[in-house]
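Accompanying notes for the structure given below.
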Amino acid sequence: MSASASSPDTQSPKVGKAEKSEPVVSRRKSPNQRRYEEVRSREYLLPSEVDAMMKAIKKHGGRHAHRDATLLLLLYRHGLRVGEVAGLRWEQVDFTAATLHVNRLKNGSPAVHPLYGDELRALRKLQKDYPNTPFIFMSSRKSPLAPDSIRGIVEQAGKLADLPFPVHAHMLRHACGYYLAREKTDTRTIQGYLGHKNIQHTVRYTQLSPEPYKGLWKKA
């Protein structure tokens, strides 16, 4: 028997089954990809912090300061995700009825939210600044603001406001939920306002509300 002949105990490799070594790719983690507690102690913003971010943008935000401050306002006031605010169109705004039709991502429930005076004034000015555009938030190239651009605007606002932790855009949605919970808003109402399909996603806000614990200790 020749040396080239295979022995009964030798298994020849199967065609198409050869294993390929996967290249190891080293990727730098952003602060938002690390464990949250490593970069900040909470995942929501206080109303005073949101106000500080909007004031900082208006003061130091450059040529798009009004657009960016309005972006922050709507993200916070309506608990919008980045993709939701990026897709906002003028046809969703009813200036006469003072309402905003909110379409939700992640199979969320759409809703019609009231618009308040500061929002209406900001939106009217924004429409004059960026006329004849279908989308509310436009870039200098006359195209809708990209999600990454929106994230960058929010992060920059946090830096300009000198907040002691890195900020990301979804913290404004959480800030909305926590604010409503602190105002003793009914959980079902918060669920509908934020477009949650599952109320368990809403309970996280009411669980961190201090209201149930008020009065446990008498004032000194």
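The values are calculated or read from the model by the stated rules, or taken from the named source; none is laboratory data. This is a predicted model, so every value here is computed, not measured. Using ideal geometry, Cβ is built from the backbone for each residue, glycine included, and neighbour counts are taken over all protein chains shown.
Hey, can you tell me all the residues within the range 60-103 that are under 12 Å from the mean Cα position of the chain (by Cα) and in a loop (DSSP other than H, G, I, E, B)?
His78, Gly79, Leu80, Arg81
Looking only at the range 92-117, which residues are charged (D, E, K, R) and farther than 21 Å from Ile150 by Cα?
Result: Asp94, single match.
Output yes when any residue across the range 198-214 is of a type outside the set (A, V, I, L, M) and in contact (Cβ under 8 Å) with a residue 60 or more places away in the chain, and no when none is.
No, that holds for no residue.
Residues of the range 119-163 being closer than 12 Å to Met53 by Cα and of a type outside the set (Lys, Arg), which ones?
Ile153, Val154, Glu155, Gln156, Ala157, Gly158, Leu160, Ala161, Asp162, Leu163
Out of curiosity, is Met171 touching a strand residue (DSSP E or B) at 6+ places or on another chain (Cβ under 8 Å), hydrophobic (A, V, I, L, M, F, W, C) and under 24 Å from His60 (Cα atoms)?
Spelling it out, it is not the case that Met171 is touching a strand residue (DSSP E or B) at 6+ places or on another chain (Cβ under 8 Å), hydrophobic (A, V, I, L, M, F, W, C) and under 24 Å from His60 (Cα atoms).
If you go through the range 103-116 one residue at a time, how many are closer than 12 Å to Arg77 by Cα and not aromatic (Phe, Trp, Tyr)?
Number satisfying all stated conditions: 3.
What about Gly61, is it more than 15 Å from Ala146 (Cα to Cα) and at pLDDT below 95?
yes
For (1) at pLDDT 95 or above; (2) touching a helix residue (DSSP H, G or I) at 6+ places or on another chain (Cβ under 7 Å), each residue gets a yes or a no:
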site: Arg121; (1), (2): yes, no
site: Leu126; (1), (2): yes, yes
site: Pro131; (1), (2): no, no
site: Pro164; (1), (2): no, no
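Quick one: what pairs do we get from the range 174-188, first residue in a helix (DSSP H, G or I), second among the small types (Gly, Ala, Ser), C-beta under 6 Å, 6+ apart or different chains?
Cys176/Gly79; Ala181/Ser209; Arg182/Ser209
Which of the residues that make up the range 189-203 are part of a helix (DSSP H, G or I), crowded, with 18+ Cβ neighbours inside 10 Å and not aromatic (Phe, Trp, Tyr)?
Within the range 189-203, Ile190, Gln191, Leu194, Thr202 qualify.
Every residue in the range 141-157 that is surrounded by fewer than 21 Cβ atoms within 10 Å (Cβ to Cβ) and assigned to a loop (DSSP other than H, G, I, E, B), please.
Arg141, Lys142, Ser143, Ala146
Report, by residue number, each residue of the range 195-208 that is in contact with a helix residue (DSSP H, G or I) (Cβ under 6 Å, 6 or more places away or on another chain) and of a type outside the set (S, T, N, Q).
His196, Ile199, Tyr205
Given the options Arg89, Arg63, Arg42, name the one that is of a type outside the set (Gly, Ala, Ser), out of contact with any helix residue (DSSP H, G or I) (no Cβ under 8 Å at 6 or more places or on another chain) and within 16 Å of Lys125 (Cβ to Cβ).
When all the criteria are applied, what remains is Arg63.
Taking into account only those residues within the range 86-106 that are basic (Lys, Arg) and in contact with a strand residue (DSSP E or B) (Cβ under 9 Å, 6 or more places away or on another chain), which is surrounded by the most Cβ atoms within 10 Å (Cβ to Cβ)?
Taking the candidates together, the pick is Arg104.
Restricting to the range 107-125, and then to whatever is part of a loop (DSSP other than H, G, I, E, B) and in contact (Cβ under 8 Å) with a residue 40 or more places away in the chain, can you tell me which residue is surrounded by the fewest Cβ atoms within 10 Å (Cβ to Cβ)?
The extreme case among them is Asn107.
Name every residue in the range 158-170 that is assigned to a helix (DSSP H, G or I) and within 15 Å of Pro147 (Cα to Cα), in order of residue number.
His170
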